[in-house]
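Q: Encoded as structure tokens, here's the structure I'll be asking about.
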Amino acid sequence: MPSSVSATGTPYHRLSQHIPRRRSLLTMAAVLIGTQVAQLPVTRITRHLPPEGLPVLGPYTGLVLSFAEIACILPATLLAVRWGEKRRVGTLSSVAGRLRWRWLAVCLVIAAVCVPVVFCAGSLTVLLAVPDTSTTSPPPSRTWIGLGPSLITLAVLLSLIVGQVAAEEYVTRGVILQTVGRLTRTPWPAITVQATIFTALHGPGGWGTLGVLTTGIALGWLTTHTGGLEAALAYHLTLNGVIAVIAVAIGATDPTTNATHAPWPLAIITAATATTYTLTTSLAARTLSITPTRRATDDFDTATRSTTTIGGPGVYRDPAFRTHPPEALR
């Protein structure tokens with residue numbers, strides 16, 4: 001995959017380059033600490049729940065609250081960026097200073113096709129090619145709570161998945177990618193670091209760890225290649241949404257199971273799905289002329305722009321970052 005760094009503008013991974021380095025690093029540290037602290041209120045609630053769980057959710061209570069814990073990270077992350085780096089949180093979304101909703105819709109359509117098709121094709125291939133080596137150990141317990149409660153549970157899960165996915169993307173492909181990316185012209189060091197942290201946040205595992213790492217690298221490259229988080233958000237939302245539907249359909253209620261625990265065939269399928277989506281979406285981005293860089297003439301907030309060019313006369317105030325003259329940062 002070639003680098004998407006352009007000489008005609010600022011690429012996504014270097015959007016925070018005008019922020020003092022120390023402030024940027026402290027903000028990233030605060031965000032990483034926040035990934036643990038922000039979950040504590042929901043964690044405390046979970047510990048005081050009755051064994052049967054919450055009404056309606058029943059045995060799915062733990063699974064639902066596990067998504068809620070991660071979703072709590074999103075507001076903490078956005079506040080840390082807004083207060084710590086003194087910039088608009090929209091600069092985490094894309095080079096346009098906001099989410100590009102039409103491009104997000106296109107990515108959702110691509111993901112809605114790629115994820116089910118590749119997953120089904122991969123699963124069928126594994127079933128036909130890999131001999132059954134399972135032991136006689138009892139299968140994991142499943143719980144069916146009825147159609148009505150299942151639909152309610154699924155609706156709650158899907159709503160929380162939006163926050164959970166956004167939290168993970170804005171932390172890894174947003175804050176970490178831009179903080180590390182500002183240090184180098186090529187995006188690959190930042191892509192590697194954010195993918196490693198993304199995998200680590202999923203916890204220890206086995207073969208599934210390779211699938212998660214591959215996904216992190218693919219989505220990181222796609223973020224820099226398209227200039228924003230839309231493509232990564234679309235894939236992550238679709239994948240987790242499909243997993244939630246399957247979990248409710250088969251009665252899987254264990255909140256401790258995640259992608260890093262997947263066996264090697266599923267890890268390969270996960271990596272293949274992410275790679276297929278990445279290649280398809282990058283082709284769509286090229287066809288639709290999606291801008292991967294922010295031009296110097298782009299204006300996120302015309303009311304605060306005080307000069308016409310970076311390094312021109314007067315005091316430079318980037319409307320997205322509201323910091324100091326570039327020479328003061330050297």
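Q: I'd like the FRET efficiency for Arg22 and Leu99, computed as 1/(1 + (r/R0)^6) with the beta carbon distance as r and R0 of 30 Å, rounded to 0.05.
A: Details: r = 29 Å, r/R0 = 0.96.
Working from the Cβ atoms, E equals 0.55.
Q: Between Thr8 and Arg47, what is the FRET efficiency for a Förster distance of 56 Å, r being their Cβ-Cβ separation, to the nearest 0.05?
A: Details: r = 53 Å, r/R0 = 0.95.
Calculated value: 0.55.
Q: Same structure, new question: Taking the simple approach of a point 7 Å from Cα along Cα-to-Cβ for both Leu40 and Ala155, what is their distance in nm?
A: 3.4 nm
Q: Indicate the gyration tensor shape class of the stretch 1-84 (rounded, prolate or oblate), computed on the Cα atoms with a ≥ b ≥ c the square roots of the eigenvalues: a/c under 1.5 is rounded; otherwise a/b larger than b/c is prolate and the rest oblate.
A: Values: a/c = 4.61, a/b = 2.31, b/c = 2.00.
Note, shape of the stretch 1-84 comes out prolate.
Q: Residues in the stretch 236-280, backbone N under 19 Å from the label point at Ala200 (7 Å along the Cα-to-beta-carbon vector): list them, ranges by number please.
A: Those under the cut-off are 259-261.
Q: Let me ask something additional. Could you sort the peptides 40-48, 103-111, 17-25 by per-residue average Cβ neighbour count (10 Å cutoff), highest mean leading?
A: Values: 40-48: 11.7, 103-111: 19.7, 17-25: 17.4.
The peptides rank, most packed first, as 103-111, 17-25, 40-48.
Q: Quick one: grab the alpha carbon gyration tensor of the stretch 180-246, order the square roots of its eigenvalues as a ≥ b ≥ c, and give me rounded if a/c is under 1.5, else prolate or oblate depending on whether a/b is larger than b/c.
A: Details: a/c = 2.88, a/b = 1.38, b/c = 2.10.
Here the stretch 180-246 falls in the oblate category.
Q: Then there is this: Which Cα, out of Leu99, Pro50, Phe67, lies furthest along the positive dipole direction of the stretch 1-115 (beta carbon charges, K/R +1, D/E -1)?
A: Toward the positive end, the furthest listed residue is Leu99.
Q: Can I ask one more? Multiplying the sequence separation of Leu124 and Ala249 by 0.36 nm and subtracting their Cα-Cα distance, what value in nm do you get?
A: On the way: separation 125, 0.36 × 125 = 45.00 nm, distance 1.93 nm.
Once the chain is fully extended between Leu124 and Ala249, it gains 43.1 nm.
Q: Let me ask something else. Would you calculate the separation in nanometres between label points at Ala112 and Thr184, each defined as 7 Å from the Cα along the Cα-to-beta-carbon direction?
A: A separation of 3.7 nm, rounded to one decimal place.
Bear in mind that the values in this text are calculations on the coordinates, not laboratory data. Bear in mind that the values here come from a model prediction, so they are computed numbers and not experimental data. Don't worry about glycine lacking a Cβ; one is built from the backbone with ideal geometry, like all the others, and counts go over all protein chains shown.
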